[in-house]
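Read the structure below first, then the notes.
Bear in mind these aren't lab numbers, they're just calculated from the coordinates by the rules spelled out. Nothing here was measured: the structure is a model prediction, and the numbers come from that model. Positions of Cβ are backbone-derived with ideal geometry, glycine not excepted, and every protein chain shown enters the neighbour counts.
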Amino acid sequence: MKLKATQYLRPDGRPRVLILEIPDKYQGTVALMRELGCEVTCEQLSTGEAAQYITHAEGEVDIRITPCGEAADIILLEMLDAFTRDSFHKWLKEVQEEVSVGGTAQ
């Protein structure tokens with residue numbers, strides 16, 4: 001199946017749409033992410049590493065830093081394996097509690 005992701009390019013963060021080929025078994029996870037308002041984004045850091053995110057309007061649900069290339073592909077699938085409705089709602093509750101006690105969510 002195809003997963004649409006946004007890659008932010010160096011040096012100015014210009015966005016580029018990526019279409020990634022991932023195993024069909026992630027179709028339900030991708031549909032759930034869309035339903036919950038999440039998307040996959042990535043960027044290459046100045047260190048040469050890749051940063052991958054599952055993002056939401058409230059912030060980053062998951063962040064992983066890896067070497068670029070095959071390692072990044074493996075980590076993306078691990079992120080998708082870990083994403084569930086329960087894990088999302090737990091994260092969202094934590095973010096909202098931070099804001100309600102006077103902190104700021106990023």
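With R₀ fixed at 30 Å, the C-beta to C-beta distance from ARG10 to GLU70 puts the FRET efficiency at about 0.90. Compactness of region 1-49 is given as radius of gyration and Dmax, 12.6, 35 Å, from Cα positions. Report, as a whole number in µm² per second, the diffusion coefficient that Stokes-Einstein gives for the chain at 20 °C and 1.002 mPa s using the Kirkwood radius over alpha carbon pairs. So the translational diffusion coefficient is about 147 µm²/s.
The lysine pair tally for the chain, using Cα distances under 26 Å and a gap of 8 or more places or different chains, is 4.
Looking at the chain, the DSSP beta bridges with both ends there are about 85 percent antiparallel. Under the criterion of Cα pairs below 8 Å and six or more residues apart, the relative contact order for region 2-100 equals 20 percent.
By the count of other C-beta atoms within 10 Å, a proxy for reagent exposure, ILE75, ILE63 are ordered fewest to most as ILE63, ILE75.
Take every Cα pair under 8 Å whose residues are at least 6 apart in sequence, average their separation, divide by the length of region 19-71, and the relative contact order is 24 percent.
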